[in-house]
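Written out below as structure tokens is the structure these notes cover.
The values are calculated or read from the model by the stated rules, or taken from the named source; none is laboratory data. Only a predicted model underlies this, so the values are computations on that prediction, with no experimental measurement involved. Backbone-built Cβ (ideal geometry, glycine too); neighbour counts: all protein chains shown. When the accessible area is computed, the model is the full protein with side chains, heavy atoms only, and any ligands, DNA or RNA have been set aside. Shrake-Rupley method; radii C 1.70, N 1.55, O 1.52, S 1.80 Å.
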Amino acid sequence: MEKKKVLLFAYTKVNLGDNLFVYMLTKKYPNIEFYIHVVEKEYEEVYRNINNLHYIQEPRNVKNIEIEEFDAYIYVGGSIFMESEYGRHEMKEFNEFIKKCKQHHKKFFYMSCNFGPYQTQEYVELARENFSLCDGICFRDKKSYELFQDIDTVSYAPDMAFSFPIEKEKKEKKSVGISVISLAIREDLKELEEPYNDFIKRIIIKYVKRNYKVHLFSFSEFEKDGEAIQKIITMLPEEYKEKVQVETFNEDIESYLKRYAKMEYMICGRFHSMILSILLGQKIYNITYSKKQDNVIKELKLFRRYQPIKEMTFETVLRNYYFKKVRAGKRKKIAKQAQKQFQNIEDWLRTE
């Protein structure tokens with residue numbers, strides 16, 4: 001039987017959360033040949049052990065895609081529907097592209113996404129047209145789902161990463177990992193960069209004093225996680241600087257996750273840091289930078305206590321009893337629900 005060819009649309013920068021989506025699809029469906037538009041060579045390094053992922057080494061332009069060349073199209077990504085001038089332009093482009101897919105009887109799916117933030121009803125109506133045209137869109141949050149639930153193609157399941165079969169490692173005793181983000185590049189948060197960096201600095205000093213091994217994790221060098229880490233390190237007194245281990249995601253996914261999995265405690269700044277730490281049974285404290293994190297924490301009743309960055313001050317503190325694990329039973333239940341992110345693909349493959 002001839003293998004299916006699927007073109008993926010995704011965020012093609014080195015960013016662990018988005019890279020996990022592509023990694024999961026290629027691993028789950030080894031008999032599908034996946035293709036993706038890529039410009040940066042660094043992106044290819046992340047998937048160097050994946051044989052069924054192929055690179056189209058040019059910028060993505062949906063107007064130039066030969067529809068007949070692929071059997072289906074999948075757009076996998078988290079915050080892919082944020083309203084902006086570019087967002088409105090892309091929505092219109094994909095509306096036209098999906099119409100062409102329908103004319104040629106090719107499937108088009110969205111996976112593991114959320115809608116917003118948005119400002120205008122015009123953008124919502126563009127989205128409604130788009131979602132009505134596609135063959136399936138599975139949102140990862142209930143707020144997005146509820147906005148469009150009257151459309152037949154719309155469904156909901158927790159983020160697909162909740163079903164990621166991550167391998168557990170033996171935990172390093174007295175180890176603390178911190179997933180750091182850059183506020184300098186986030187227009188709505190950059191004024192809070194100083195209290196945020198100061199908070200991370202104080203956490204490092206606190207745990208080094210208690211003889212913990214402290215690891216600072218950069219999920220995305222492109223989004224300046226590494227620069228934020230270096231700023232924080234320069235703020236540390238000299239005797240603490242050498243006690244900090246920086247973990248940079250600039251290699252294949254498996255190697256990075258092995259190091260991540262060894263942490264006993266995790267302070268999660270990145271959305272997918274929280275999900276990975278839940279799956280690994282780590283003791284977790286969340287620092288949230290967007291509504292997408294807050295919504296999922298509340299919807300799935302994951303944690304009672306967490307720290308929104310927008311409420312952070314120089315007086316914000318972290319107590320040891322703030323760290324919590326998610327129970328194994330709850331983890332398994334959410335993982336099973338997250339498998340529904342793949343339902344549209346499964347239905348398509350069964351009918352082919």
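Ligands, DNA and RNA left out, the 1.4 Å accessible surface of the stretch 118-164 is 43% carbon and sulfur atoms.
Helices in the chain, meaning DSSP H runs of at least 4 residues, each add -39500 (n - 2.57). Divided by all residues, the mean residue ellipticity at 222 nm is -11500 deg cm²/dmol. Computed with a 1.4 Å probe on the full set of protein chains, the accessible area for Ser84 sits at about 50 Å². Computing FRET efficiency as 1/(1 + (r/R0)^6) for Asp188 and Arg350, where r is the C-beta to C-beta distance and R0 is 45 Å, gives about 0.55. Checking every one of the trypsin sites (Lys or Arg not before Pro) in the stretch 13-84 against DSSP loop status and a limit of 14 other Cβ atoms within 10 Å picks out Arg48.
Please work out the FRET efficiency for the pair His54 and Lys13, using the Cβ-Cβ distance as r and a Förster radius of 22 Å; give the result to the nearest 0.05. Write out the running numbers ahead of the final one.
On the way: r = 19 Å, r/R0 = 0.84.
Efficiency for this residue pair is about 0.75.
Averaging Cα coordinates gives a centre for the stretch 21-64 and one for the stretch 286-352; these two points are 27 Å apart. If R0 is taken as 41 Å, the Cβ-Cβ distance between Glu93 and Glu172 corresponds to a FRET efficiency of 0.30. Surface listing: Ser290, Ser218 arranged by accessible area from highest to lowest gives Ser290, Ser218, probe 1.4 Å.
How high is the relative contact order of the chain, in percent, with contacts defined as C-alpha pairs under 8 Å that are six or more residues apart? The normalised contact order for the chain reaches 17 percent.
Under 14 Å from a label point set 7 Å out along the Cα-to-Cβ vector of Ala328, the amide N atoms of the stretch 261-293 belong to 279-282. Modelled spin-label separation between Gln343 and Tyr86, with each label point placed 7 Å from Cα along the Cα-to-Cβ direction: 3.2 nm. Taking all protein chains as they are arranged and a probe of 1.4 Å, the heavy atoms of Tyr145 leave approximately 60 Å² accessible to solvent.
Model label sites at Ile67 and Asn31, defined 7 Å from Cα along the beta-carbon direction, differ in position by 2.8 nm.
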